[in-house]
Amino acid sequence: MSPLPEAGTLRAFVRYVERSQLGAPATRTMALDFVLSFGGAADSRAVRHGVLRQFYEYLVVYDPQTEVLERRAFPWSRAIPPPRIPK
């Protein structure tokens, strides 16, 4: 059974926080800097932000100083990806 993709995002976030030597509470700036540290498509950023938003909602139960993330900070792209022609 393969791990959930959300688990990979959360592990990467923990590594980012540790490398950056950031402390509690979890802030919006911390989450946005993490999401923007990755390249890739706008939808990838939206997915990462969505995972962190749900995680922050969980954290706020245990640490009320956790900042809640905005639902629409990274909107989904409406662009149609270019067709891929197999080689």
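Brief remarks on what is shown
- Test: E57 is touching a residue at least 40 places away in the same chain (Cβ under 8 Å) and under 21 Å from R72 (Cα atoms): no
- Screening F74 on (1) assigned to a helix (DSSP H, G or I); (2) hydrophobic (A, V, I, L, M, F, W, C); (3) open to solvent by less than 70 Å² (accessible area, probe 1.4 Å) shows it passes everything except condition (1).
Each row is one residue, and each column tells you yes or no for (1) at pLDDT 85 or above; (2) in contact with an Asp or Glu (Cβ under 6 Å, 6 or more places away or on another chain); (3) open to solvent by less than 90 Å² (accessible area, probe 1.4 Å).
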position	(1), (2), (3)
M1	no, no, no
L4	no, no, no
V17	yes, no, yes
L22	no, no, yes
T27	yes, yes, yes
F38	no, no, yes
Q54	yes, no, no
L59	yes, no, yes
Y62	yes, no, no
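- Summed over the stretch 40-52, the residues that are open to solvent by less than 40 Å² (accessible area, probe 1.4 Å) and hydroxyl-bearing (S, T, Y) give a count of 0.
- A12 vs. criteria of a type outside the set (F, W, Y) and either at positive phi or in contact with a Pro (Cβ under 8 Å, 6 or more places away or on another chain) (or both): no
- Of all the residues in the stretch 30-77, those that are of a type in the set (F, W, Y) and in contact with a Lys or Arg (Cβ under 6 Å, 6 or more places away or on another chain) number 1.
- In the stretch 51-71, the residues that are part of a helix (DSSP H, G or I) and closer than 14 Å to R28 by Cβ: L52, R53, F55, Y56, E57, L59, V60
The values are calculated or read from the model by the stated rules, or taken from the named source; none is laboratory data. What you see is a predicted model, and the numbers here were worked out from it, not measured in a lab. Heads up, the Cβs are rebuilt from the backbone with ideal geometry, glycines too, and the neighbour counts pull from every protein chain shown. Only protein heavy atoms, including side chains, enter the accessible area calculation; ligands, DNA and RNA are left aside. Shrake-Rupley method; radii C 1.70, N 1.55, O 1.52, S 1.80 Å.
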